[in-house]
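Asker: Dropping the structure in here first, questions after.
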Amino acid sequence: MKSEARIAYLFAMPWILGFLTFLLYPVMASFFYSFTDFSVLRPPRFIGLENYKEMVQDEVFWMTIRNTFTYVVAAVPLSATVAIILAMLLNTKVKGLAFYRTLFYVPSLVPMVALGILWLWIFNGEHGLLNMSLEKLGMSKPPNWLGDPAWSKVTLVLIAMWGSGNAMVIYLAGLQDIPQSLYEAADLDGARLVAKTRHVTLPMLSPVILFNVIMGMIGALQVFAVPYVMFPNGAPARSTYFFTTYLFDNAFRFQRMGYASAMGWVLFLITLTLTFVALRLSERQVHYDRS
């Protein structure tokens, strides 16, 4: 048994070393650095809670919090709704179903930087594909997607909805796991599509919805690559200057690794709190099939 245990640990050692080196050590180091004045170029100097106290008085910090939460509140529910609708449409027996499933899933595989460059071309206010199409449809003055603060966040929400392929696949798996006997019973009761969706599909899909909403919320709180590429420095008027962008700037532009580490732990606590709240609020709404 001891030799078998040694062999098991030997095979697990690459993962253990990777975990200790690339996850546990950076997490513990960032926790320590969050209590220091650390610029990478000089040794860290312990300053206690000063980084956290500075955040309370940092107007830019609170601005990025507002921008991030506005994006989360808009992008997460809309993306989840689009993904559920697509999954329900793809759960029907139509010709070319495999093609449509692939078509809707492929956008989620595009690298984030390439995606940002692509959408820069599509949302360009003067020569973009979207505005040219809107002008041909009769709109005299299409929105300035990239230059108007009123439309900048809308642009990012639309991009988030476009990349709902991952969630759609998970919803589709959840839909296919719903017992057909429930729909047959609903048919016998004379239930129509809306009633079956409300009383059968959504309750049985609720654990999957909860999972995707939590994962979507975590991803939205960490949104970075696309707005960083499309809206340099949070333009226009810093309407797209998100929490992670400010964290990145503090760490790599301003060389304030201690302050950036503290911001990272604040983001972790925010994410943990919102996840806990979502789980508590969903206790009565989520139906788990225990059959």
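Asker: Taking a cut-off of 19 Å between Cα atoms, list the aspartates and glutamates near Lys141, but don't count ones fewer than 8 places away on the same chain.
Answerer: Within the straight-line cut-off, Lys141 pairs with Glu126.
Asker: Taking Cα centroids, how far is segment 1-60 from segment 104-147 in Å?
Answerer: 40 Å
Asker: Starting from the 7 Å offset along Cα-to-Cβ, what nm value, one decimal, do you get for the label separation of Ile218 and Leu78?
Answerer: Those two pseudo-labels are separated by 2.4 nm.
Asker: While we're here: Mind listing the Cα extents of the chain along all three principal axes, in Å, largest one first?
Answerer: 75, 72, 35
Asker: Could you pull out every one of the lysines with an alpha carbon less than 18 Å from that of Lys53, ignoring same-chain neighbours closer than 8 positions?
Answerer: none
Asker: Right, next: What length, rounded to one decimal in nm, is gained on full extension from Leu210 through to Phe46, with 0.36 nm per residue of separation minus their alpha-carbon distance?
Answerer: Values: separation 164, 0.36 × 164 = 59.04 nm, distance 4.09 nm.
54.9 nm is the gain from fully extending Leu210 to Phe46.
Asker: Let me ask something else about it. Hey, rough spin-label estimate for Leu281 and Phe22, points 7 angstrom out along Cα→Cβ, what's it come to in nanometres?
Answerer: The two pseudo-label positions are separated by 3.5 nm.
Asker: Near the amide H of Thr36, under 5 Å away, which other amide H atoms are found, from residues 5 or more places off or on another chain, if H is placed in the peptide plane?
Answerer: For Thr36, the qualifying residues are Ile47.
Asker: If you don't mind, another one. On a C-alpha basis, how far is the centre of segment 154-205 from the centre of segment 217-291 in Å? Whole number, if you could?
Answerer: 28 Å
Asker: Quickly rank 116-128, 22-34 as a protection proxy: mean count of other C-beta atoms within 10 Å, highest first. Mind showing how you got there, number by number?
Answerer: Details: 116-128: 15.9, 22-34: 13.9.
Ranking, from highest mean packing down: 116-128, 22-34.
Only the coordinates and a few stated rules stand behind these numbers; no lab work does. Everything numeric here is computed off the predicted structure, so don't read it as measured data. Glycine also receives a Cβ, built like all others from the backbone with ideal geometry; neighbour counts cover every protein chain displayed.
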